Structures are given as structure tokens and as C-alpha cells.
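Working notes, structure below.
Any read-out appearing in this document is the output of simple, stated calculations on the displayed coordinates, not a laboratory observation. Owing to the predicted nature of the structure, the values given are computational and were not obtained by experimental measurement. Positions of Cβ are generated from backbone atoms using ideal geometry, with glycine treated the same way; all protein chains shown enter the neighbour counts.
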Amino acid sequence: MATQPASTDIASRTSAVISEFKGLEGPLLPILHGVQEEFGYVPGEALPVIAEALNISNAEVHGVVTFYHDYRNHPAGRHVLKICRAEACQSMGGDAMAARIQQLLGIGFHETAQDGSVTLEPIYCLGLCACAPAAMLDGQVIGRLDDEKLEEIVAEVRL
Ligand code: FES
């Protein structure tokens, strides 16, 4: 798994992201996206730096980070697998696929395998409803998930 940077490094890199987006109207989300791009996740140490720069409370920043499913609070694994949990996919057997992939990988949603191979995340509609149930592996969409495709995915992330 990726090692976490030191706090001083986090503070200075976070400040650089903040100065890039601070001038925007409603800068918090762009800053959080920028921080996640910078580190691959939103480190806890970045939150007070953001709060201070925007003159809002730590709790507010924390609330936004936890509200949006896209932000993660730990470094991602080498692969990121997102399984669609929205309605169209659910109605096409997405629940069973979600249960099966957790069983195959031995981790739950928002978790990373101990060997750092993969992070499993829910996503809410990939715009691929016609090919439900859908998933995304490292940015590539995969439609019509079935047991066989899940097993191929697992074999790929474990390589
Ligand atoms: S609901 Fe899953 S892709 Fe749209």
C-alpha cells in the first residue's frame, strides 16, 4: 500500500492546492478534489489546513468529506474497483454482485485489501444503466457484470 506522506509535506502540498482554487466561487469541493488528486486520498491532516484557509470550521470540512462518497480518507490500493450501487444496477442483480465481490476480495466497501492490491468503493450510477449491473476498474467501465466477470476482475487486481 502507498505510504502516507509526512504532515509537513501534507500541509505544504495542501496549501499549494488551496492557492490554486481559493479564488473560485465555492472553492471547497474543487480544493478537496485537488487534494485527492495530489495524494490519492484526502489526508486527515489536510482538513485543518483547508478549514483555516477558507475560514470555516474543521467540522464543516469533515462533514463535506464524509458526505461525498468520492473522497477517501486513506491511500487507495494499486487498483480501484467501483461497483455501481444505484437503482438501475440494483434492479438488475447489482446487490448480489456487490455481495459476491466483497466475498471474493475479502473486504467491504471503502476498504483496501491488506496487500494493497485493490480498494473497493461504491459508486452511484456510471451512466451505463443500459448495461447494468455495472462497475469501473481503474477508470474503465465494465457492463453486464456476472460471476465470471467478477472472477476475471479479481484475477486481474491480484496479479
Ligand atoms: S444505475 Fe448503475 S450505471 Fe446507472
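Counting only residues that are part of a loop (DSSP other than H, G, I, E, B) and in contact with a strand residue (DSSP E or B) (Cβ under 8 Å, 6 or more places away or on another chain), which one in the stretch 71-85 is surrounded by the most Cβ atoms within 10 Å (Cβ to Cβ)? Out of the qualifying residues, it is Gly77.
Every listed requirement among (1) within 16 Å of the ligand (Cβ to nearest atom); (2) within 11 Å of the chain's Cα centre (by Cα); (3) not aromatic (Phe, Trp, Tyr) is met by Gly127 save one, (2).
Filtering the stretch 77-120 to residues that are in contact with a helix residue (DSSP H, G or I) (Cβ under 7 Å, 6 or more places away or on another chain) and among the acidic types (Asp, Glu) leaves nothing. Counting the residues of the stretch 88-106 that are within 17 Å of His69 (Cβ to Cβ) and surrounded by 18 or more Cβ atoms within 10 Å (Cβ to Cβ) gives 4.
The set of residues from the stretch 45-69 being surrounded by 15 or more Cβ atoms within 10 Å (Cβ to Cβ) and not in a helix (DSSP H, G or I) comprises just one member, Glu45. Close contacts from the stretch 17-37, counting a first residue that is on the phi < 0 side of the Ramachandran plot and part of a helix (DSSP H, G or I) and a second that is among the polar types (S, T, N, Q) and surrounded by 15 or more Cβ atoms within 10 Å (Cβ to Cβ), with Cβ to Cβ under 6 Å and a gap of 6+ residues or different chains, come to Val35/Thr14.
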